[in-house]
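Step one of this worksheet: look at the structure below.
None of the figures in this text is laboratory data; all of them are computed from the coordinates on show. Here the structure is a predicted model, which means the values were calculated and not measured. Glycine also receives a Cβ, built like all others from the backbone with ideal geometry; neighbour counts cover every protein chain displayed.
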């Protein structure tokens, strides 16, 4: 499927699809815990970013990486111009809440795809089944990874200058 075919198809579809290497992949539903965690992060980021140039978007807006399109659980973009209304190409932060059915893809193919975007500064993987947060952070040309568990108090998102309590993510 071409990019133009995908975008036209997706606008009229009742089901969301990601496009990877020209193939459509239907998006599955999420658990209540998944939605609670994503909602907590979305709310905290929205409050923190109000009044500035950065905006947080939920799971209904796509990120384009080359000719592939992904629906992250949420992402932050910092730009004055709006760009395309149906997808963005310049996130500074991407967050995926991991579920048993998606974590392999989120850690595998999606991670290097997102990390290829020059604007991306942080990629956050949040477990829904245990208190565990992985933060992949750009450090010059390389990426570093830190994992925070239940003993951690605060997650620092340098890309948006936000410190958030781990307990608040999992509240």
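A few remarks follow.
- Two-decimal Rg to Rh for the stretch 23-66 - Kirkwood Rh, Cα set: 1.05
- If you wrap the stretch 107-167 in the convex hull of its Cα atoms and look at it from every side, the mean projected area works out to 4.4 nm².
- Label-point separation, residue 82 to residue 53 (7 Å along Cα→Cβ), nm: 1.8
- Pairs of Cα atoms nearer than 8 Å and 6+ residues apart set the relative contact order; for the chain it is 16 percent.
- The chain: most fluctuating residue of 12, 129, 21 per GNM, C-alpha cutoff 10 Å: 12
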